[in-house]
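K.L.:
The structure's right below; bear with me while I get my questions together.
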Amino acid sequence: MEIKNTLTHTTLTVRNCTRVDGGHFVLSLSNSGGTTSIPVNVKVLDKPGPPDGPLRVKVVSGEKCNLHWNPPVNDGGARVSHYVIEKRETSRVTWTGVEPHVEAVSYKVTKLVPGKEYIFRIAAVNKFGPGEFLESEPFIAQNPFTTPSAPSIPIASAVTGDSILLTWERPETDGGSEIDGYILEKRDKEGVRWTKCNKRRLNDLRFRCMGLTEGHYYQFRVMAENAAGLGSPSEPSEYIKICEAIYPPGPPINFRVTDYSCSTVSLTWSKPIYDGGAAITAFTVEMQEAAADGWITCSPSTGVEDTNYTVKRLRENVEYNFRIRAMNAAGVGEPVDLPASVVAPEPPSDLSVDEVSADFVCLSWKPPHYTGGCQISNYVVEKRDTNSTIWQPVSSTVARTSTKISRLTQGTEYQFRIATENRYGKSPFVESEPVAAQYPFKPPGQPTDLRVLNASNPITGYHIECKDQSSILWTKLNKNPVTESQFKVTSVEEGLIYEFRVCAENMAGVGPCSKASELVAARDQCDPPRNLTVTNITNSSVSLSWDKPEYDGGAKITGYIVEHKEIPNSCWLKCNFTSLLDTFLDVTGLTEGEQYDFRVIAKNAVELLSAPSETTGPVTVQQDVEPPKIFLEDKFRQVVVVKAGDLLRIDANICGRPNPTVFWLKNGRNIGTKGRVEITATKTHTSLLIRESVRKDSGQYTLTLQNTSGTTSRVITCKVLDRPGPPAGPLEVSGLSAEKCTLTWGPPHETGGAEIMYYIIEKCETSRVAWILVSINKIGTSEPSLETDPQVATEREEEPKFDVTAEMRKTLLVKDGSSFTLTVPFTGKPVPNVTWDKADVDLRVRGLINTSSSVTSITVEGATRDDSGKYKVKLAGNAWIDMKTSSHFPSCGSSVRDGLVFWHGAPVQHIQPQRL
């Protein structure tokens, strides 16, 4: 860097400037009168600087990582067109290319070797060439996560002669990556090797292992798999014998109290839906005082063979809990409990006869003082002829504390009794005094004027009443009699349970009420499950699947009940005895050759059941064999063409019984889910996905299905279009002269799957950034070919001449006292000698002359009127040009002429990539 100062001029010169010489320059002047400064921004055109660091490496897996960086702070005065990425292993010294043309500031690197330590470097490229590299810190290619921990020990259930159902729990930790599936293994007690139970990775936490040998003992273990691989196996299960097993039965159903007294409780129930594979032999009844902890068996030690039993010798006013179990050859099953403890209510009090007539009696009473701890549901009214010992029921649904007993026989003496009833039973009865059914007056005399007015009296309407389950009061729902035999109730409260009754009215008045309806919850019923389908049939099982209900009744669906019945004459029986959350089920234990029908019921969070789904229709239990089939769209019957980098996807619908095993092959070799390739398969569909496809993904893909009925395959041809490879070398130069040469090369070995359209040829001098030969097809530009060897072109002669524009011939106006520069470009080979001339002035002394191979200029400082006139430039030969200047004071503003900038009150600056 060189600085020259005079009394009127200062110059800063930087020779052989580089990119770092660019920047913000400030010229400052100071004397006793003050200080002034002027800024100058200088941009040096060069290759760009290194990208702005740091170069961040984010490890995705042992084979992939992501690179992130920032654009260079100094772009060399030209736009950065792309970046070059290279890598090397720390154990080596050579760099290898990763990607020569990346336009973004991030890149995904693949095909790393797990466990190797790498360093990456990146350089920015502009039109002047690649700049300096930015290097990353060393890092090891390894997964950022670990394999999952071991799942729980597999639990066995539903053992048959050749299969077993195993369930397990998820691992405590997933290793930082989502669990992709499970591998279940088995080991025969007579062997030492663990073998896989499942061919495909399991996505569920249960699996039925088939094809086991009856009478053998097996152990099982399970492993979880994530992106890092298989985790450690679980602890093995106990050895389990494979045989047709029986189990304790399920709990009895419909367990309820039928009668109650101060010292007895009568219970009844129905047999369990599931008998455990053996006949139910007996039932055991157990009781517990509400304040006690233990259960006491109150039935005989051999059990009760019937489905009812009366527990005696209970203590009055003591709360009891009851439960019952079923027994078979495998043992005692699960118990079923009454919903709450049982307490007898007291009988009503103050029973009185309010009215007596020849055919009816009106009774009234007061509620009991003690209700048994729950709401009184109704009263039971009975009567008997005093000449008989048999009590006849009148009504068991009386809700009020009064009733009218009709249809009595005139002159007969009756006695009445009433008991209180809650949901656990009845209290003892309270009896009335004997009452004779007769009019309270004497018979009238003989009527007169007898006339028939009407022979009948039709029903004029109905009255509807309802009550909450927890209440004993009936509420009338209609103000006016209802003439139709149906009525819409709108005044109910959501969530409450109601019962209803109806009474008729004619001209004579309102008749007695009907019996109460069944209890109904005021909630929307959820829709039944949809699309019940048989997905597989064996000689002992049927596999079902269905869709969720369209409407859940306003509460979440919490499970499903699957039922089946034998055809033609059988009742519906449950297939599952625990809450089923899935929308599929394998119904096992069926009889080969028999026909069954199936249906599904949904249950929501408020314990409301839907109506049953549509049935499957008759299903014959036999080994259902159907050869596998593949269904492809028409577009896969032709060549599938995609561009490099796009997603390659092949979909196919499949079927077959038993469910076929799916294999994907490419060019005859098996492929699986790995890296960019993802394969999915269900019972009805399979797909192959290849992300960021490349040319090598082209080829023939074969989809093969296999089951016991046979094998089928379909071939899909795929072509990935990409940029062509480099032209085949060597690139030869022949016929070289001063003005021309001949280039020859071979077509590229790899066309990228498309026809080569043309070639682009570029040249450069060896002292500059290299321009290279590339070929182009319809898809894009290829990789570069090998460069030619440097070639020396012979110098040719060219007559010297000026590159003159019309503006250069105009008179240049310059302010008196300022500086100006005259610049003239020229051509000529060899480079001609240049001379400047002005009449009566030695310009070598008055001005500063600079001349290069293609331009010459003269700078005159402190211009005066004597500097006005004609300036002549002459090249060796006959070329010359005249230029005129004139001293002048511009009124305002600034202007630019012929590479000169001048404005009011400031020195002229020349627009050139140089420092003045």
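The values are calculated or read from the model by the stated rules, or taken from the named source; none is laboratory data. These numbers come from a predicted model, not from an experiment. Note that we place each Cβ from the backbone using ideal geometry, even for glycine, and neighbour counts take in every protein chain shown. Heavy atoms of the whole protein, side chains included, go into the accessibility calculation; ligands, DNA and RNA do not. Shrake-Rupley method; radii C 1.70, N 1.55, O 1.52, S 1.80 Å.
K.L.:
So, with +1 on the Cβ of K and R and -1 on the Cβ of D and E, and no other charges, what is the size of the charge dipole of the range 209-289 about its Cα centre, to the nearest 20 debye? Show your work: numbers first, answer last.
P.N.:
Details: 4 positive and 9 negative charges, 26 e Å.
The calculated dipole for the range 209-289 is roughly 120 debye.
K.L.:
Mind checking the full-extension length gain between ILE38 and ALA279? Use 0.36 nm per residue of separation minus the Cα-Cα distance, one decimal, nm.
P.N.:
Net length gain for the segment: 75.9 nm.
K.L.:
Extension gain ASP350-SER767, at 0.36 nm per residue separation less the Cα-Cα distance, in nm?
P.N.:
My answer for the length gained is 137.6 nm.
K.L.:
Here's another thing I want to ask about it. Please report the projected area of the range 634-732's Cα convex hull averaged over all directions, in nm².
P.N.:
Its average projected convex-hull area is 7.8 nm².
K.L.:
Which translational diffusion coefficient, to the nearest whole µm²/s, is obtained for the range 253-338 from the Stokes-Einstein equation, given a Kirkwood hydrodynamic radius over C-alpha pairs, 37 °C and 0.692 mPa s? Write out the running numbers ahead of the final one.
P.N.:
Values: Rh = 13.4 Å.
In µm²/s, the coefficient is 246.
K.L.:
Which value, in Å² rounded to 10, gives the accessible area of CYS503 with a 1.4 Å probe and all protein chains present?
P.N.:
10 Å²
K.L.:
Hey, another quick one. Any chance you could check the Cα centroid distance between the range 1-64 and the range 143-169 for me, in angstrom?
P.N.:
One Cα centre to the other: 69 Å.
K.L.:
Below 8 Å between Cα atoms, with a sequence gap of 6+, how large is the relative contact order for the chain in percent?
P.N.:
Relative contact order here is 5 percent.
K.L.:
Still on this structure, please answer the following. In square angstrom, what is the accessible area per residue of the chain with a 1.4 angstrom probe? Present the calculation step by step, with values, prior to reporting the outcome.
P.N.:
Numbers: 53570 Å² over 916 residues.
Per-residue accessible area for the chain comes out at 58 Å².
K.L.:
Along the charge dipole of the chain, pointing to its positive end and built from +1/-1 on Cβ of Lys, Arg, Asp and Glu, which listed residue (SER106, VAL381, PRO549) has its Cα farthest out?
P.N.:
Ranked along the dipole, the leading option is SER106.
K.L.:
If you roll a 1.4 angstrom probe over the protein chains with everything in place, what fraction of the accessible area of the chain belongs to carbon and sulfur, to the nearest %?
P.N.:
C and S fraction of accessible area: 49 percent.
K.L.:
Peptides 834-847, 682-695: what's the order by average Cβ count within 10 Å, highest mean first?
P.N.:
On the way: 834-847: 14.4, 682-695: 16.6.
Descending mean neighbour count gives 682-695, 834-847.
K.L.:
For Rg and Dmax of the Cα atoms in Å, the listed values are (i) 51.5, 172; (ii) 29.0, 103; (iii) 31.3, 93; which was obtained by calculation from the structure presented?
P.N.:
Computing Rg and Dmax of the Cα atoms in Å and matching it to (i) 51.5, 172; (ii) 29.0, 103; (iii) 31.3, 93 gives (i).
K.L.:
Could I ask something else about it? Compute the length gained on full extension between THR389 and SER713: take 0.36 nm times their separation in residues and subtract their Cα-Cα distance, giving the result in nm to one decimal.
P.N.:
Result: 108.1 nm gained on full extension.
K.L.:
Then there is this: Taking LYS810 as the anchor, which lysines have their alpha carbon closer than 24 Å to its alpha carbon, excluding any fewer than eight residues away along the same chain?
P.N.:
Counting by Cα, and skipping residues close in sequence, LYS810 has these lysines nearby: LYS801, LYS838, LYS870, LYS872, LYS874, LYS884.
K.L.:
So which of LYS629/LYS719; LYS763/LYS829; LYS271/LYS548 end up more than 23 Å apart, counting from Cα to Cα?
P.N.:
Too far apart for the 23 Å limit: LYS629/LYS719; LYS271/LYS548.
K.L.:
Straight distance only, please: which aspartates and glutamates reach the Cα of LYS515 with their own Cα at less than 17 Å, same-chain residues fewer than 8 apart left out?
P.N.:
Those aspartates and glutamates meeting the cut-off are GLU382, GLU421, GLU465, ASP468, GLU499, GLU505.
K.L.:
Right, next: Quick check: the distance between the Cα centres of the range 580-629 and the range 79-117, to the nearest angstrom?
P.N.:
If you average the Cα positions of each part, the centres end up 57 Å apart.
K.L.:
Moving on. Expressed as a whole number of Å, what is the distance separating the alpha-carbon centroids of the range 545-577 and the range 206-221?
P.N.:
The two parts, judged by their Cα centres, are 29 Å apart.
K.L.:
Which value in deg cm²/dmol, rounded to the nearest 500, describes the helix-derived mean residue ellipticity at 222 nm for the chain, given -39,500 (n - 2.57) per DSSP H run of n ≥ 4 and division by the residue count?
P.N.:
Rounded to the nearest 500, it is 0 deg cm²/dmol.
K.L.:
Could you check the simple spin-label distance between HIS369 and LEU848, using points 7 Å along Cα→Cβ, in nm with one decimal?
P.N.:
Placing both labels 7 Å along Cα→Cβ, they lie 12.8 nm apart.
K.L.:
Modelled label-to-label distance, THR297 and LEU496, 7 Å Cα→beta-carbon offset: nm?
P.N.:
Inter-label distance under the simple model: 4.7 nm.
K.L.:
Continuing with this model, one more query. Taking the Cα centre of the chain as the origin and placing charges on Cβ (Lys, Arg +1; Asp, Glu -1), which of THR591, ALA227, ILE849 is farthest toward the positive end of the dipole?
P.N.:
ILE849
K.L.:
When we measure straight from the Cα of LYS111, which aspartates and glutamates land under 20 angstrom away, once same-chain ones fewer than 8 places off are left out?
P.N.:
Within the straight-line limit of under 20 Å, LYS111 reaches these aspartates and glutamates: GLU63, GLU86, GLU89, GLU99, GLU135, GLU137, ASP646, GLU678, GLU692, ASP697, ASP722, GLU783.
K.L.:
Shifting gears a bit: Under a Cβ-Cβ cut-off of 13 Å, what is the net charge of the residues other than SER357 that fall near it, where Lys and Arg count +1 and Asp and Glu count -1?
P.N.:
Summing Lys/Arg as +1 and Asp/Glu as -1 gives -1.
K.L.:
State, to one decimal in nm, how far the label point of ILE155 lies from the label point of GLU235, with both points 7 Å from Cα in the Cβ direction.
P.N.:
1.5 nm
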